[in-house]
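Just below is one structure, and these are the notes that go with it.
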There are 2 protein chains.
Amino acid sequence: MMSEKRELKAGLDADSDVLRVNAVSAVATFGPEAPLALDSGVSLSPFNIAYQTYGRLNADKSNAILVCHALTGDQHVASRHPITGKAGGWWPLMVGPGLPIDTDRFFVICQNVIGGCMGTTGPKDIDPKTGKPYGLSFPVITIGDMVRAQAMLLDRLGIKDLFCVIGGSMGGMQVLQWAAAYPERVFCAIPLATAARHSAQNIAFHEVGRQAIMADPDWQGGDYLGEDKNPSKGLAVARMAAHITYLSEAALHRKFGRNLQNREKVTYGFDADFQIESYLRHQGMTFVDRFDANSYLYITRAMDYFDLAAEHGGVLAKAFKNTKTRFCVVSFTSDWLFPTSDNRQIVHALNAAAANVSFVEIDTDKGHDAFLLDEPEMFATLTGFIASAAERRGLGR
Amino acid sequence: MMSEKRELKAGLDADSDVLRVNAVSAVATFGPEAPLALDSGVSLSPFNIAYQTYGRLNADKSNAILVCHALTGDQHVASRHPITGKAGGWWPLMVGPGLPIDTDRFFVICQNVIGGCMGTTGPKDIDPKTGKPYGLSFPVITIGDMVRAQAMLLDRLGIKDLFCVIGGSMGGMQVLQWAAAYPERVFCAIPLATAARHSAQNIAFHEVGRQAIMADPDWQGGDYLGEDKNPSKGLAVARMAAHITYLSEAALHRKFGRNLQNREKVTYGFDADFQIESYLRHQGMTFVDRFDANSYLYITRAMDYFDLAAEHGGVLAKAFKNTKTRFCVVSFTSDWLFPTSDNRQIVHALNAAAANVSFVEIDTDKGHDAFLLDEPEMFATLTGFIASAAERRGLGR
């Protein structure tokens, strides 16, 4: 539906995106009998959740790990992406046989968030009331809504308790929300590179991205799907701006510096003279092939709205009152999107709630994206934490 | 020319912008006898330089201070802006009677840079060869070109030597270029919050802004003036993204935090729920009333290209070999666009060149824009440095 390029890349037939996605992901359908009660007061019904699972659920259903994806992630955490064709998913170093999240031992579930565009119901889907894509008539969703939907899928799958909930960035927000909303269902929780509330600067960057999308005339007030258009230029600009925030100045300097792109000297023009320009343009262009612009608006909004303390009288510790969940909080020194100070606030609140919490700040120059990359100290930390928790859970060594 | 709003705001008649600007600024015209030799190899002719002066040049012409403006600044450093109507110019706390740059003692000159849009020749002006606005046929300019043009104006004004050259951000780049290109003409130099070369991250942010402008269909491949259009949405997005980089996370948190804009609770929509969103949108909207989108492309490109060491065999100290200029370098702790490390590189190079240099890092949470704001320690530093240099120059106390 989006572009010929997309189908060609994925080597797929020219069916709609939803069918494409559904062909490779399991999809749970929630009908009128099971509406999703949103924080906005709206009741969303019907809705679908697309998800992937890896490994086997054990007999007493005690070995389930829920992986929560970030803003532009999806359910393909550890398997081939149906659009990009990227093998191994978005966390290939973390989830798989013998990896920290060991699919030989654990049953791993990853769900596309509500509002997403990879098979779970979002603004690009058909509103049954009108027969047209929702567009901006899709209700605004929150991190709480994402987690509530995830819990409904787990109920459907008959999984009462999660051994572990893990995620970075927006995935980490969901981890915190899980621990706060369903403390009895979470044995251990691993929020990475995240915050209990979105900062003013982060809201600002999201607002720039949204304005870039809305400034694109092909956005059509959100109705681009009905008009057979796509605000790909605006979405690419949004992605470019965001992508800078995922890296660090040091990493950019190390990877690109002021190196020129396939040329000996500057051209005195507006081509991508510098490698960093070429790289960013590539990031923008490839993103629009796999992501829906309205989903980007909705999911950034959900992150902006996230403020876990606000739901508990402004005291974050109250969100974790009497929790028995074991926490492992991880931050990265060069992450300026969710700096260590944001992660430390979570740790302080957990300490104030007398929770069982480990905290590791990992020294790296890779910026926010470090949680997705090859960070041996992170793997060692999480392998140890998960193994120890599994033993406590009676899952053996 | 740009919009009715602009004229109404400034309380001016509906003449063209150029006439408006010329009506309040002095303009020097350089005809075929005085082309500007650009670094690109192009010879620009004819061209105009619009400038403002404050104070009086003394008899031996030894009390001139050149103020260099930043990316979106202009010649109105200390007087009413003709478009925004803002009294006092862009540096009202720095330049004026009794202020650090004391217009009772010094003759202050501020020129709109080549490529600008406030009266100096830039892409919005008519190319005499075609009778149409230059648009993207305007040659790409560099910081070196800006400074070369400034020197030509000083020659025209009969000012051989400058007592001082001062500027922040891109203005600081010009200061460094002045000191390197015309060491005999600069008695003292004050680069603030700047760098001897633009970093990969800064190039990246500029590229996002340029892509936002170019993604706007009203940009028309750069020919919007001929088509009576204006890529104001794209330019506003560019400004919003850039504006975030001028502030600090701490300042954003202090000023806005997660405060809501004239409402008790979030609206579950895409309005500006948060004050930071409303503030950013305002920054974007007001900017397009006073700035030309193509000028934004050209001036950001000039900053990207700036790499003073590259012109001297990769050794920055060589740019300042045998310099007699006295330098005062100032950085700000919370400036992440031109962090102290960038400024310190300048100091190290000056030390390696055995130059006379003072360096002050000022503790502030105001970010890059601190150099434009009320920073008592900066004023005290500059007042002392300028007074001492003036005495050495024989300008009295």
Selected from B:Ser199, B:Tyr296, B:Asn259, residue furthest toward positive end of dipole (segment B:199-305; charges at beta carbon): B:Asn259
Chain A: relative contact order in percent, alpha carbon pairs under 8 Å with at least 6 residues between: 16 percent
Euclidean distance between Cα centres, segment A:282-304 to segment B:282-328, Å: 33 Å
Fewest-first sequence of A:Thr381, B:Thr121 by Cβ atoms within 10 Å of each Cβ: A:Thr381, B:Thr121
Other copies of B:Gly257: label-to-label distances in nm, shortest first, labels 7 Å along the beta-carbon direction: 4.5
Antiparallel %, DSSP beta bridges [both residues in chain B], to 5: 35 percent
Dipole in debye (nearest 20) - segment B:229-293, about Cα centre, beta carbon charges: Lys, Arg +1; Asp, Glu -1: 40 debye
Selection from B:His312, B:Pro123, B:Thr383 lying farthest towards where the dipole of chain B points positive, charges on Cβ: B:Thr383
Cα-centred dipole magnitude for chain A, charges only on beta-carbon of K, R (+1) and D, E (-1), debye, nearest 20: 720 debye
Ranked list, fewest to most other Cβ atoms within 10 Å of each Cβ, for A:Glu249, B:Glu264: B:Glu264, A:Glu249
Nearest-first distances (nm) between copies at A:Asp127, label 7 Å from Cα via Cβ: 4.8
Fully extended contour minus Cα-Cα distance, from B:Arg263 to B:Ala380, at 0.36 nm per residue: 38.0 nm
Charge sum, other residues only, whose C-beta stays under 13 Å from A:Thr300's C-beta, Lys/Arg counted +1 and Asp/Glu -1: -2
Residue-count net charge about A:Leu154 - beta-carbon cut-off 14 Å; Lys, Arg +1, Asp, Glu -1: +2
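About the Cα centre of the protein assembly as shown, what is the dipole size in debye to 20, counting +1 per Lys and Arg Cβ and -1 per Asp and Glu Cβ, all else neutral?
Working: 76 positive and 86 negative charges, 213 e Å.
Dipole size: approximately 1020 debye.
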Pairwise label distance in nanometres, B:Val42 with B:Lys61, each label 7 Å out on the Cα-Cβ vector: 3.1 nm
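Which percent, nearest 5, of DSSP beta bridges in segment A:29-133 are antiparallel? Kindly include the intermediate steps, with their values, before the conclusion.
Working: 10 of 16 bridges.
Percentage antiparallel, nearest 5: 60.
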Estimated vicinal HN-Hα couplings, Hz - segment A:308-321 in sequence order (Karplus 6.51, -1.76, 1.60; Gly, Pro = x): 4, 5, 4, 7, 10, x, x, 10, 4, 4, 5, 5, 10, 4
Nearest-first distances (nm) between copies at B:Thr383, label 7 Å from Cα via Cβ: 6.2
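Averaged over peptide B:36-48, how many Cβ atoms belonging to another chain are found within 10 Å of each residue's Cβ?
Numbers: counts 0, 0, 1, 2, 4, 1, 1, 0, 0, 0, 0, 0, 0.
That average works out to 1.
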Average beta-carbon neighbours from other chains, 10 Å sphere, peptide A:242-250: 3
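Helix hunt in chain B: which complete DSSP H runs extend at least 15 Å axially by C-alpha with mean Kyte-Doolittle at least 0.0?
B:143-157, B:170-181, B:200-215, B:232-246, B:376-392
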Cα pair distances of segment B:199-305 binned at 10 Å [whole percent]: 14, 39, 31, 14, 2
Between segment A:117-137 and segment B:137-163, the alpha-carbon center distance in angstrom: 58 Å
Residue among A:Ile346, A:His282, A:Ser62 farthest towards the positive dipole end of chain A, charges placed on Cβ: A:Ser62
Sites B:Thr29 and A:Arg344, calculated FRET efficiency, Cβ-Cβ separation with R0 45 Å, nearest 0.05: 0.15
Under the Debye formula (equal points on every Cα, no solvent term), log10 I(q)/I(0) of chain A at q = 0.09, 0.12 Å⁻¹: -0.52, -0.95
Inter-part distance where segment B:188-226 and segment A:341-355 are each reduced to a Cα centre, Å: 40 Å
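Would you please give the FRET efficiency between B:Ala387 and A:Glu311, computed as 1/(1 + (r/R0)^6) with r the Cβ-Cβ distance and R0 = 35 Å, to the nearest 0.05?
Numbers: r = 57 Å, r/R0 = 1.62.
E(calc), rounded to 0.05, equals 0.05.
What's the average, rounded to a whole number, of partner chain beta-carbon atoms within 10 Å of each residue's beta-carbon in A:213-222? Numbers along the way, then the final one.
On the way: counts 1, 3, 11, 7, 4, 2, 0, 0, 0, 1.
Mean inter-chain Cβ contacts per residue within 10 Å come to 3.
A short reminder: the numbers here are calculations on the coordinates, not readings from a lab. Keep in mind the model is a prediction, meaning the values are calculated, not measured. Cβ: placed from backbone, ideal geometry, glycine included. Neighbour counts: every protein chain shown.
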